[in-house]
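In what follows, a single structure is set out as structure tokens and then discussed.
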Amino acid sequence: MKFLNRFNILLIFVFIMCMYTLFEFNIDVVFHYIGFKEFKKNLGSLIPFLRKSSSWKKVCNMETKPQRSIIYVKVQKTGSTTLRSTLLIYGKQYKLNICFDSTNLWGLNWPNAVEELKLTKVYNEKCDLIADELIFDPVIVEKLMNKDAFVMASVRHPVEHFLSLYKYSRIQSAVERLILKNVDLWESIRIFFKHYQLVRNIYTTYRENEVRDKYQIDLIQPNLQTRSLGIINGTKAEIIDRLDAFHFVVVADKYDESMVILREKLCCTIQDVVYRKQNVRRSNEEAKVQIPPDIEKAILEFNYADLIFYNIANNRLREEIEKHTYFEQALGIFKHELGLYESKCTNDDVPQTVKDSICPPKEVAQTGIFVENIRAEQQNILLSKLRDKFNST
Ligand SMILES: Nc1ncnc2c1ncn2[C@@H]1O[C@H](COP(=O)(O)OS(=O)(=O)O)[C@@H](OP(=O)(O)O)[C@H]1O
């Protein structure tokens, strides 16, 4: 007991204080991410040096309430099905007023301008969440969204984006319909760029029973990503100007990194932004295949405005990551949570009803059904709201 004299106790106390000062942030991060905010608050009132640290505020301003009004401009082929599912689960969880675009052209709504009358909403009531394929116009934020809406979009490298879209839109089979013979992927892309208008016209030769292909003509346009943002000329100045209307742009090839930053911007929990990768069509082997340089060049020229947009959004994300003092830790914790979420979605002990409401299916054929179920639920809510309004007038 000689060891526990007053001096040694003081030394131990100073040592603990130093350790806390050194690892202060990590403790905060851990408490926040594992959802022990309340526990920490109570502990903080008992132990003064565990009070909310200022360093935490730099990462997520805890004085700010979680964001409950979001508009996501769903940009085709940028991981947008995955992101939309995450946002819809978030919307359901916090009972947000979700407004869906009710025009459903075989899931190919792009490039329709958003119209109030085509949204599932009560006249004169604002939306808390829109996450559909729409051409963005800042006016709709003012007009349709509840106040202080968080405006976001997603972007993908133009080459990856083009190849994903090319496969989805079955342009290769349109090319083959034109030239009356089968060619490989790269040759078909060369013919596509050389005879762009003829290939577009091929879509008008599809008959009604092939209608899904007919609508795909609208996807075969240059700069699809910037067009979704409502960018017309695609100059750098115009892109920067439009990007100023956005609070955040998710970069598909840095999806996890984007989710870490997004979580902090929305000030929500990590469980609110975990995801299951959906709508994957290209296999890993296909993704690793070397793209012929002439094709890469042609794709980038075809999508020059999208390349500018991608570079700016990517740089902005990089800057956010760089100014984040504890990014690696936050990313590690996020990935850990992703694993927990995935095992919950695949665990036989978790009731199917729970899985159906929080786990979007990974299979391409099932991805639409998940959204349709949420849409149907929201339509029922809307219907009863409309009837209540009718009965009260
Ligand atoms: N989390 C995440 N991170 C990165 N990439 C992802 C993610 N989720 C989906 N994907 C890839 O995005 C492609 C599908 O995009 P969308 O869902 O936007 O397509 S769609 O417009 O709704 O049809 C599709 O690309 P391809 O497989 O190359 O076609 C998916 O693999």
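The values are calculated or read from the model by the stated rules, or taken from the named source; none is laboratory data. Since the structure is predicted, the reported quantities are computational estimates derived from the model, not experimental observations. No Cβ is skipped: glycine too gets one built from the backbone with ideal geometry, and neighbour counts run over all protein chains shown.
Give all pairs with beta carbons closer than 6 Å in which a residue from segment 192-214 that is free of Cβ contacts under 8 Å to residues at least 12 places away in the same chain meets a residue that is surrounded by 12 or more Cβ atoms within 10 Å (Cβ to Cβ) and in a helix (DSSP H, G or I); count only pairs at least 6 apart in sequence or on separate chains.
Tyr206/Asp213; Tyr206/Lys214; Lys214/Tyr203
From the set of residues in segment 226-246 that are modelled with pLDDT under 95 and under 15 Å from the mean Cα position of the chain (by Cα), which is nearest to Val139 (Cα to Cα)?
Here the answer is Leu229.
Within segment 200-277, which helices (runs of 4 or more DSSP H) (wholly inside it) include 1 or more residues that are surrounded by fewer than 18 Cβ atoms within 10 Å (Cβ to Cβ)? Show your work before the answer.
Details: elements: 211-215, 224-228, 236-243, 255-266.
Passing ranges, in order: 211-215, 236-243, 255-266.
Take segment 316-345 and flag every residue that is β-branched (Val, Ile, Thr) and part of a helix (DSSP H, G or I). Full working, then the answer.
Quick first cut of segment 316-345, residues β-branched (Val, Ile, Thr) only: 321, 325, 333.
Within segment 316-345, Ile321, Ile333 meet the criteria.
Of the residues Tyr304, Tyr310, which single one is within 20 Å of Val250 (Cα to Cα) and over 21 Å from the mean Cα position of the chain (by Cα)?
Details: Tyr310 fails: over 21 Å from the mean Cα position of the chain (by Cα).
Every option except Tyr304 fails the conditions.
Which of the residues that make up segment 288-297 are in contact with a helix residue (DSSP H, G or I) (Cβ under 8 Å, 6 or more places away or on another chain) and part of a helix (DSSP H, G or I)? Talk me through it step by step, then tell me what you get.
Initial filter on segment 288-297 (in contact with a helix residue (DSSP H, G or I) (Cβ under 8 Å, 6 or more places away or on another chain)): 291-292, 294-296.
Listed by number, the residues that qualify are Asp294, Ile295, Glu296.
Return the pairs, sorted by first residue and then second, in which the second residue is of a type in the set (A, V, I, L, M) and at pLDDT 95 or above, the first residue lies in segment 289-317 and is under 17 Å from Arg190 (Cα atoms), the beta carbons are less than 6 Å apart, and the residues are 6+ apart or on different chains.
Matching pairs, first to second residue: Ile295/Ile189; Glu296/Val159; Ile299/Val159; Leu300/Leu307.
Which residue, of Ser80, Ser85, Ser154, Ser169, is in contact (Cβ under 8 Å) with a residue 24 or more places away in the chain, surrounded by 21 or more Cβ atoms within 10 Å (Cβ to Cβ) and over 19 Å from the mean Cα position of the chain (by Cα)? Before the answer, list the steps.
On the way: Ser80 fails: over 19 Å from the mean Cα position of the chain (by Cα); Ser85 fails: over 19 Å from the mean Cα position of the chain (by Cα); Ser154 fails: over 19 Å from the mean Cα position of the chain (by Cα).
Being in contact (Cβ under 8 Å) with a residue 24 or more places away in the chain, surrounded by 21 or more Cβ atoms within 10 Å (Cβ to Cβ) and over 19 Å from the mean Cα position of the chain (by Cα) holds for just one of Ser80, Ser85, Ser154, Ser169, which is Ser169.
Might you check whether a residue that is closer than 30 Å to Asn233 by Cβ, touching a helix residue (DSSP H, G or I) at 6+ places or on another chain (Cβ under 9 Å) and in a helix (DSSP H, G or I) occurs anywhere in segment 346-366? Steps first, please.
At the first step, the residues of segment 346-366 found to be closer than 30 Å to Asn233 by Cβ are none.
No - not one qualifying residue is present in segment 346-366.
Would you call Phe49 surrounded by 11 or more Cβ atoms within 10 Å (Cβ to Cβ) and either in contact with a strand residue (DSSP E or B) (Cβ under 9 Å, 6 or more places away or on another chain) or modelled with pLDDT of 50 or more (or both)? Reasoning before the result, please.
Values: surrounded by 11 or more Cβ atoms within 10 Å (Cβ to Cβ): yes; either in contact with a strand residue (DSSP E or B) (Cβ under 9 Å, 6 or more places away or on another chain) or modelled with pLDDT of 50 or more (or both): no.
Considered against the rule, which asks whether it is surrounded by 11 or more Cβ atoms within 10 Å (Cβ to Cβ) and either in contact with a strand residue (DSSP E or B) (Cβ under 9 Å, 6 or more places away or on another chain) or modelled with pLDDT of 50 or more (or both), Phe49 comes out as no.
If I go through segment 143-193 residue by residue, how many of them are assigned to a loop (DSSP other than H, G, I, E, B), farther than 17 Å from Asp213 by Cβ and within 13 Å of the ligand (Cβ to nearest atom)?
2
Taking only segment 262-287 into account, find how many residues are among the β-branched types (Val, Ile, Thr) and either within 12 Å of the ligand (Cβ to nearest atom) or within 12 Å of the chain's Cα centre (by Cα) (or both).
3
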